[in-house]
Amino acid sequence: MTHPPVPLGTFPTPLEPAPRLAAALGLGPEDLWVKRDDLTGLGGGGNKIRKLEWTVGAALAEGADTLVTTGAAQSNHARLTAAAAARLGLDVVLVLRGAPGASRSGNLALDGLFGARLAWAGEVDQTGLDAAAAEVCARLRAEGRRPALIPFGGSGTLGARGYARCGEELRAQLPGLRTAVVALGSGGTMAGLVAALGTGSVLGVDVGALADPAAAVVAFAAPLTSKEVTAERLRVRRDQVGAGYAALTVPVAEALRLAARTEGIVLDPTYTGRALAGLAAAVRDGDVRPGEKTVFVHTGGLPGLFGHPAAVTAAEEGAGAY
Ligand SMILES: *Cc1c(COP(=O)(O)O)cnc(C)c1O
């Protein structure tokens, strides 16, 4: 059964023209817009808010008093789950990959500010992370708490409903939209956009979080639409992963500089920087063309920039002496 979403964010988010970025990419100045899903409001903003409205809505309907979720140390989803818990008066435990390091910058600082408790799972794969989260839930239940497990990245068919709504906003804001470009992590964001806009209108740029991201998008999107969603029909680029999920690549560092210097927009090194590097590559190889209406979906992630030492160094080096 699907429970109603709980309002957490500020919607609809703005759609802004990006003429200087468009020209720098080789598009016409009127071809490119930015969907400002970094401006969703709660907890520093970002795409996870739309998914949390649905997953936390279900948790509340089930009578949960504690939210539990999993992620990387610099997970934006974990940070926003903590913010949602604070907003709703719930407890929160974040089950994070890795070990507590010397530095708790970026998202980790905000996790602490929101009052989250952290459970470090060590260097485990997704199965290990899920097992650690199941253990945390069992312990909470033994303490008399009522935990609700929010899936990795908030992604699933339920969370994807939040992005179907974003797709509907885009259809209303930009009739004739040809391609919405978005980072593809755990898959729920692209899945919702595909459910609303169709497979041909969404270009996902894989960030390297999953072994088979297209399969996740198909699984989450198919129940939400009568249109056919298959892995073959999806537009997915896998050429921006580089050395792996959190590794900074040269095209991503360039994308961060380009968005900042043409439009005053800050991207992050893990998701949105990869998405823009993927859009630049798509323009170069003709998958996205001048004269088409293109939307860059800005999914947030700013705190992650400050939790990424190599990206901070690359940014600092951009300041010239005068
Ligand atoms: C999680 C995340 C994404 C990817 O969304 P998924 O639904 O996990 O694919 C994109 N951008 C940012 C900033 C994110 O935090």
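The values are calculated or read from the model by the stated rules, or taken from the named source; none is laboratory data. None of these values were measured; they are calculated from a predicted model. Backbone-built Cβ (ideal geometry, glycine too); neighbour counts: all protein chains shown. We work out accessible area using only protein heavy atoms, side chains counted, and drop any ligands, DNA or RNA first. Shrake-Rupley method; radii C 1.70, N 1.55, O 1.52, S 1.80 Å.
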> Which of (1) closer than 21 Å to Leu193 by Cβ; (2) open to solvent by less than 10 Å² (accessible area, probe 1.4 Å); (3) among the small types (Gly, Ala, Ser) is the odd one out, the single condition Ala84 does not satisfy?
Replying inline: (1)
> Within the set of pairs 6+ apart or on separate chains, which have a first residue in segment 122-138 that is free of Cβ contacts under 8 Å to residues at least 24 places away in the same chain, a second that is open to solvent by less than 50 Å² (accessible area, probe 1.4 Å), and C-beta atoms under 9 Å apart?
Replying inline: Gly128/Ala121; Gly128/Gly122; Ala131/Ala121; Ala131/Val124; Glu135/Val95; Glu135/Ala119; Ala138/Pro147
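Given Arg261, Arg233, which one is assigned to a helix (DSSP H, G or I), away from the ligand (no atom under 16 Å from the Cβ), surrounded by fewer than 19 Cβ atoms within 10 Å (Cβ to Cβ) and in the same structural domain as Leu39 (by TED's automatic domain parsing)?
Values: Arg233 fails: assigned to a helix (DSSP H, G or I).
That would be Arg261, the only listed residue that is assigned to a helix (DSSP H, G or I), away from the ligand (no atom under 16 Å from the Cβ), surrounded by fewer than 19 Cβ atoms within 10 Å (Cβ to Cβ) and in the same structural domain as Leu39 (by TED's automatic domain parsing).
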> Just checking, how many residues over segment 41-66 are under 19 Å from the mean Cα position of the chain (by Cα), open to solvent by less than 10 Å² (accessible area, probe 1.4 Å) and more than 15 Å from Pro4 (Cβ to Cβ)?
Replying inline: 3
>> Based on this model, can you work out whether Gly71 counts as of a type in the set (Gly, Ala, Ser) and not assigned by TED's automatic domain parsing to the domain that holds Ala255?
In response: yes
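Only one of these is open to solvent by 20 Å² or more (accessible area, probe 1.4 Å) and either out of contact with any Lys or Arg (no Cβ under 7 Å at 6 or more places or on another chain) or outside the structural domain of Arg36 (by TED's automatic domain parsing) (or both): Leu276, Leu267, Leu256, Leu224. Name it.
Just a single option satisfies the conditions, and that option is Leu256.
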> In segment 31-89, which residue that is acidic (Asp, Glu) and farther than 17 Å from Ser155 by Cα is farthest from the ligand (Cβ to nearest atom)?
Replying inline: Asp65
